[in-house]
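S.K.: What follows is a single structure, and I will ask about it in a moment.
The values are calculated or read from the model by the stated rules, or taken from the named source; none is laboratory data. These numbers were taken from a predicted model, which means no experiment stands behind them. Virtual Cβ from ideal backbone geometry, glycine too; neighbours counted across all protein chains shown. We work out accessible area using only protein heavy atoms, side chains counted, and drop any ligands, DNA or RNA first. Shrake-Rupley method; radii C 1.70, N 1.55, O 1.52, S 1.80 Å.
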Amino acid sequence: MASTVETRPGYGQLLRTPGAWTFLLPGFLARQPFAMLTIGIVLLIQHTTGSYGSAGAVAAFTGVSMALFAPQSGKLADRFGQRAVLLPGVLVHTASVSALTALALADAPIWALFAAAVPTGASVPQIGPMVRARWAAVLGGGTSQAEGFGGGSPLMSTAAAFESVTDEFTFVVGPVLATALCTGVHPAAGLIAEAALTLAGGLFFAAQSRTQPTVRPAATAAEPHASALSIPGVRVLAVAFLGIGSVFGGMQVALTAFSEEIGNPGVNGLLYGIFAAGNMLAGIACGAIAWKSGPRRRMVLGYAGLTLAASALWAVHSVALLAGLGLLVGLCIAPALISGYTLVESLVPASARTEAFTWLTGAVALGQAAAVTVAGQLTDEHGASAGFLVPLVGTVLALVTLVALRSRLSPPRATLTVARGAVYRHRVAVGEM
């Protein structure tokens, strides 16, 4: 059944939180790699090899590496602190991107590019999950096994929406900036800028030690340390986010190929920017609305809309129509992402929160990696239209999984248990649909 949601505190109140701007600005700069890296690799490798298949494969190695190592990075940040993970991470990432760029420009064999892609992806700083964890820290989020992201201040839900909007804005700025640099300056300029932003933003973000979450000592019996992936709902959300990653990856490759086919490479940045702008606009709206339906229902309905919108991409051959349909696809992504993050915040204890967010980030990266590989092969053999089939297939498979296993996304409902004269809050599952 649907649950009524109270009016949410506004963005203005959230942004007046003491200390918030000290991690928001450097966090925005430092999270650009996730938005710039894949498209930068695709454009550079395609330029040096002439093959979208090779470009997609190298980008896929990067994405798979990120997906595998991101949760470990989150787990280490929960245990040792964000600064201890970020400082070596940004240095390794900068060096790895520089090596990959140099190898590509030197026409190195494909195996060398694959080898450089692994540390490049593994060292991508997990800034988004770290920023979300900092919001929980400064707003006083719950820390027990029973408490999720919404266990403290009522501004927690607003913070979740704000971060999703910021992620979408990153996907407006990052790919457009990388594409403009690669097509207007030099094919390697996108990756060079990505490495520079990672270094500057990552070190600046790591320096904000006052707002990083408190490092937890060894787990107690009351709060056992377990992987966030052991929670069934997180696994279902990871599959859903794989489908979202297939949209990002498929759109990046197929739009690039479409722009080349019509003889206007520069329109690629415009088309992807319109697609990403749809994500951002929908995210702003989702964060401002006081929803009367629960996040599980919104997740399923939003994902169904995304699948329907993606189903027509392969049949469009006009720039104007593709821009309009891309905008619609973008508008459908944000509700699914925000609902997913809202659900995981209520399902996962604070002791595994950063890790949980990195599992979702890694799922998007893995879906993106698979998508750029498959879309690259399809566009090489059959053209851009075939590449647009990838978002459709990815979202259909994820939607089927989401609908079939939606009961595992049931957020907890508070019940009251009296013990030793005091009232303790516990959680039981409740259905929405």
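S.K.: Please go through the range 182-206 and give me each residue that is part of a loop (DSSP other than H, G, I, E, B), of a type in the set (A, V, I, L, M) and without any contact (Cβ under 8 Å) to a residue 12 or more places away in the chain, ordered by number.
M.R.: The one that is part of a loop (DSSP other than H, G, I, E, B), of a type in the set (A, V, I, L, M) and without any contact (Cβ under 8 Å) to a residue 12 or more places away in the chain: VAL185.
S.K.: If only one of ALA59, ALA84 is over 16 Å from GLY128 (Cα atoms), among the aliphatic types (A, V, I, L, M) and buried (at least 22 other Cβ atoms within 10 Å of the Cβ), which one is it?
M.R.: ALA59
S.K.: Considering the range 309-361 alone, what residues qualify as being free of Cβ contacts under 8 Å to residues at least 12 places away in the same chain and part of a helix (DSSP H, G or I)?
M.R.: ALA320, LEU321, GLY324
S.K.: Pairs please, first residue from the range 391-403 and without any contact (Cβ under 8 Å) to a residue 60 or more places away in the chain and charged (D, E, K, R), second anywhere and open to solvent by 60 Å² or more (accessible area, probe 1.4 Å) and assigned to a helix (DSSP H, G or I), Cβ atoms under 9 Å, 6+ apart in sequence or on different chains.
M.R.: none
S.K.: I would also like to ask the following. What are the residues in the range 16-31 that are of a type in the set (Lys, Arg) and surrounded by fewer than 20 Cβ atoms within 10 Å (Cβ to Cβ), if any?
M.R.: Listed by number, the list holds a single entry, ARG16.
S.K.: Inside the range 32-53, can you point out the residues that are open to solvent by 10 Å² or more (accessible area, probe 1.4 Å) and over 20 Å from SER98 (Cβ atoms)?
M.R.: Of everything in the range 32-53, those that are open to solvent by 10 Å² or more (accessible area, probe 1.4 Å) and over 20 Å from SER98 (Cβ atoms) turn out to be GLY50, SER51, TYR52.
S.K.: While we're here: For THR179, state whether it is under 22 Å from ILE274 (Cβ atoms) and in a helix (DSSP H, G or I).
M.R.: Here the answer is yes, as THR179 does meet what is asked.
S.K.: Does ALA112 count as closer than 20 Å to GLY376 by Cα and open to solvent by less than 10 Å² (accessible area, probe 1.4 Å)?
M.R.: In short, no.
S.K.: Any idea which residue in the range 207-218 is modelled with the lowest pLDDT, counting only those that are within 18 Å of GLN72 (Cβ to Cβ) and surrounded by 14 or more Cβ atoms within 10 Å (Cβ to Cβ)?
M.R.: Of everything passing the filter in the range 207-218, ARG216 is modelled with the lowest pLDDT.
S.K.: Which one of these does GLY150 not meet: (1) in contact with a Phe, Trp or Tyr (Cβ under 7 Å, 6 or more places away or on another chain); (2) open to solvent by 10 Å² or more (accessible area, probe 1.4 Å); (3) modelled with pLDDT under 70; (4) in a helix (DSSP H, G or I)?
M.R.: (1)
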